[in-house]
Amino acid sequence: MTDHCVLVIDDDTVVRESIAAYLQSTGFRTLEAENGEQGLQVFRENNPDLILCDLSMPVMDGLTMLSKVRSESISFPFIVVSGVGVMDDVVRALHLGASDFLTKPIADLEVLEYAINRALEKAQLLMENKRYRDSLDEAINSLKSSLTLLQEDQKAGRQVQMNMLPSEPLVFENFRIDHNVIPSLYLSGDFVDYFALNDHSFAFYLADVSGHGASSAFVTVLLKHMSMSLLEDYEANGRKSRVKPSHVLSYLNTNLLKTGLGKHVTVFGGIINTRSQTLTYSFGGHFPLPVISENDSVRFLEGKGLPVGLFEEAVYEDITIDLPTRFSLTILSDGILEVIPRKSLQEKEDYLLAVIKEGSGTVAALTESLGLGEDQEAPDDISMLVLTRS
């Protein structure tokens, strides 16, 4: 969080200048003021990133300064500094919205640096969340107005939905990923996507929305919008931040719950890193488990996680595995279990493993091996992603 500007307000010149000097030595830019009135003027004229303010000062004290700043910016990071004997003022400052507090004397300035970084990170997260919420609200309003049209003309809606899917397989170095979506109706509640993140990694996911028809297809449009918003934000930051599938699922979970649509989604998402030769993935209630095939062996990937958009306190985890030299990864929605010609779940899973082991390493081959055609009538949507490395 260096290169941010910190406004230091303290009537004690020695304390103020020593704090400013330390912060400058660690990469921060600083502004100084000797009381709240002067500090308020500097704040309005220079737009710093954070205020570090003593509570006890002449002319205008820290509490008054905090109150005025809060009236202008409800979430601006503001850290108060107080003597040990005035904890009542600290409590009042926290009630007014102070980000944190430190007590004098500050014996370890690294503690100060940590508090500043923590307050700046929190402010940045609040700002990003607001931007995401505003973008999501705009998308929801736009998509709700389109829902009636989708219900009236499902064929047109189907074309819109197909246009959101990847138009062709993704070839990334010696990896190839392709898909097939077979809807039970004109509009599918299944959705897949894949795209490059940077010059050494790409992401993919398969999502299965609860229910069928226009309302479920509406959520697939929403998922596409949210994933693209995250990608645009990632690109705006220079593609430098680390992307974790678990963070994406948490973001989708939070924002899908906020829509109040009453829909949840099962998701499997992963990221291939060609530098580290690894796959990092996260489960959002997805079933059946993805199948990885290597040489003559096939197995289900391990992992678990709650569906997205169902539980507010859902926690998702990342799992990272090393990639074999040659392999295929097959991801299927649970609609496939409805058409496999076996009775028990165990028999269906064994059948699926056997089909993949026999060499169904492409979407076309897998579709044929499972007996799925364009005129396939199924009680549920069926979608598949096949990732191969040769």
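The values are calculated or read from the model by the stated rules, or taken from the named source; none is laboratory data. Keep in mind that this is a model prediction, so the values were computed, not measured. As a convention, Cβ positions derive from the backbone with ideal geometry for all residues, glycine included, and neighbour counts pool all protein chains shown. Only protein heavy atoms, including side chains, enter the accessible area calculation; ligands, DNA and RNA are left aside. Shrake-Rupley method; radii C 1.70, N 1.55, O 1.52, S 1.80 Å.
Tabulated data for the structure shown
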item: Candidate set: the stretch 25-41, residues that are without any contact (Cβ under 8 Å) to a residue 40 or more places away in the chain and part of a loop (DSSP other than H, G, I, E, B); chosen: the one least open to solvent (accessible area, probe 1.4 Å); result: N35
item: Every pair of residues 6+ apart whose Cβ atoms lie under 8 Å, when the first sits in the stretch 91-117 and is under 25 Å from S67 (Cβ atoms) while the second is part of a helix (DSSP H, G or I) and of a type in the set (F, W, Y); result: L112/Y22
item: Condition broken by L289, with the remaining ones in (1) open to solvent by less than 60 Å² (accessible area, probe 1.4 Å); (2) out of contact with any Phe, Trp or Tyr (no Cβ under 6 Å at 6 or more places or on another chain); (3) of a type in the set (A, V, I, L, M, F, W, C) satisfied; result: (2)
item: Residues satisfying the stated conditions in the stretch 64-88, i.e. surrounded by fewer than 18 Cβ atoms within 10 Å (Cβ to Cβ) and in contact with a strand residue (DSSP E or B) (Cβ under 9 Å, 6 or more places away or on another chain); result: R70, G83, V84, M87
item: Filter pass, G335 being surrounded by 17 or more Cβ atoms within 10 Å (Cβ to Cβ) and without any contact (Cβ under 8 Å) to a residue 60 or more places away in the chain; result: no
item: Residues located in the stretch 231-271, provided they are touching a Lys or Arg at 6+ places or on another chain (Cβ under 9 Å) and surrounded by 18 or more Cβ atoms within 10 Å (Cβ to Cβ); result: N255, L256, I271
item: Pair list, Cβ < 8 Å and 6+ apart or interchain, from the stretch 180-207 residues that are farther than 20 Å from V219 by Cβ to residues that are aliphatic (A, V, I, L, M) and open to solvent by 30 Å² or more (accessible area, probe 1.4 Å); result: A196/L170; L197/V243; S201/V243; F202/L170; F202/A196
item: Where G359 falls short, out of the listed (1) under 28 Å from the mean Cα position of the chain (by Cα); (2) at positive phi; result: (1)
item: Listing of strands (runs of 3 or more DSSP E) fully contained in the stretch 187-285 that carry 2 or more residues being farther than 21 Å from S167 by Cβ; result: 201-209, 265-273, 278-284
item: Residues (within 14 Å of R16 (Cβ to Cβ) and small (G, A, S)) located in the stretch 27-47; result: A33, G36, G39
item: Search result, residues across the stretch 343-358 that are within 17 Å of F327 (Cα to Cα) and in a helix (DSSP H, G or I); result: L352, L353, A354, V355, I356, K357
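Yes/no matrix, rows are residues, columns are (1) more than 25 Å from K130 (Cα to Cα); (2) part of a strand (DSSP E or B); (3) free of Cβ contacts under 8 Å to residues at least 40 places away in the same chain:
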{"position": "I19", "(1), (2), (3)": "yes, no, no"}
{"position": "L23", "(1), (2), (3)": "yes, no, no"}
{"position": "F43", "(1), (2), (3)": "no, no, yes"}
{"position": "L52", "(1), (2), (3)": "no, yes, no"}
{"position": "V59", "(1), (2), (3)": "yes, no, yes"}
{"position": "L66", "(1), (2), (3)": "no, no, yes"}
{"position": "V69", "(1), (2), (3)": "no, no, yes"}
{"position": "V81", "(1), (2), (3)": "yes, yes, no"}
{"position": "D89", "(1), (2), (3)": "yes, no, yes"}
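Residues are listed down the side, and each one gets a yes or a no for (1) assigned to a helix (DSSP H, G or I); (2) open to solvent by 40 Å² or more (accessible area, probe 1.4 Å); (3) modelled with pLDDT of 90 or more; (4) not basic (K, R):
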| site | (1), (2), (3), (4) |
| --- | --- |
| I116 | yes, no, yes, yes |
| Q124 | yes, yes, no, yes |
| N129 | yes, yes, no, yes |
| N141 | yes, yes, no, yes |
| N163 | yes, yes, no, yes |
| E168 | no, yes, yes, yes |
| D178 | no, no, yes, yes |
